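The values are calculated or read from the model by the stated rules, or taken from the named source; none is laboratory data. Since the model is a prediction, treat every value here as computed from it, not as a measurement. Cβ sites come from the backbone with ideal geometry, for glycine too, and all protein chains shown count toward neighbours. Accessible surface is based on the protein model in full, side chains and every heavy atom, while ligands, DNA and RNA are left aside. Shrake-Rupley method; radii C 1.70, N 1.55, O 1.52, S 1.80 Å.
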Amino acid sequence: NPDTREGFKALTFALSDPSVAYAGLAKDRNTIDNSTPVGTVIYRSTNGGATWTAMPSAIDGHNVNAIAIHPTDPDVAFAATTDAVFLTVDGGDEWSALAGGIEGRDIRAVTISPLNPQTVFAGEENGGVWTSIDGGSSWSGPKTTGFSSGTPSIRAVVCDPNDASVVYAGDWTSGLYRSVDGGETWSAVPGLSTRAVRAAAISTDGELLY
């Protein structure tokens, strides 16, 4: 039934402990408007993905677009959903929707700075980049200066592991952008302006960007 189809959209492994992974469910994009996933939406593995445990919680009923795990604590993770950013501090047993300015937003990407885990970036659909410097308690945004559109669709955000001020964001409509001031302003990365960027990754030494 195209109105109820759903599947796993988010999958993230913990850098500090690769045996720990989180997966998140979302409705298929071609389902009826305002549809929400049925059942448990967060699953957790503690054996590298060999087996998974359903984690029923307050995040159920929300489309999970992306998950970011704390760089040193695999029990702490953020989940980007179509109407909020959620946080768990106990390995997924409980999730709480974050306020501080980002509530009610369609968030498609989220990442944590590996150099300062209190700094979190979130990408909004038809919005821009949001930043938090207090672990998600408060947010500033959406930041759009330098994007070709005043309402970019941010589908990916990654942080440089060597420089906390350097961040990359992928726009669904106009390619990849780079910030050198912690997400305040942005400039286009040459060669990708005609590409719809929906995912990005950077190597742990910061030398390679995918």
_Area of S137 that stays accessible when all protein chains are in place (1.4 Å probe, Å², to 10)_ = 80
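Take the solvent-accessible surface of the protein heavy atoms, probe 1.4 Å, and return the percent of it on the chain that carbon and sulfur atoms account for. The partial results should precede the final answer.
Numbers: 4770 of 9630 Å².
Result for the chain: 50 percent of the exposed heavy-atom area is carbon or sulfur.
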*Given 0.36 nm per residue, what is the gain on full extension from L208 to S140 after removing their alpha carbon distance, in nm?*
21.6 nm
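Once the mean 1/r over all distinct Cα pairs of region 159-210 is inverted, what Kirkwood radius in angstroms do you read off?
Details: mean 1/r = 0.0897 Å⁻¹.
It works out to 11.2 Å.
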_Separation between Cα centres of region 84-128 and region 149-168, rounded to whole Å_ = 14
_Could you sort E184, E94 by their accessible area in this structure, using a 1.4 Å probe and putting the largest first?_
E94, E184
*Say we join alpha carbon atoms closer than 10 Å with springs in a Gaussian network model of the chain; which of R195, R155, R29 then has the biggest fluctuation?*
R29
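By the scheme Lys and Arg +1, Asp and Glu -1, what is the net charge of all other residues having a beta-carbon under 13 Å from that of R195? Walk me through the numbers before you get to the answer.
On the way: positive: R155, R198; negative: D171.
Residues close to R195 contribute a combined charge of +1.
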*Restricting things to alpha carbons, tell me how big region 1-71 is in terms of Rg and Dmax, in Å.*
12.8, 40
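In the chain, what is the volume of the convex hull around the alpha carbon atoms, normalised per residue and reported in Å³?
Working: hull volume 24.3 nm³, N = 210.
It is 116 Å³ per residue.
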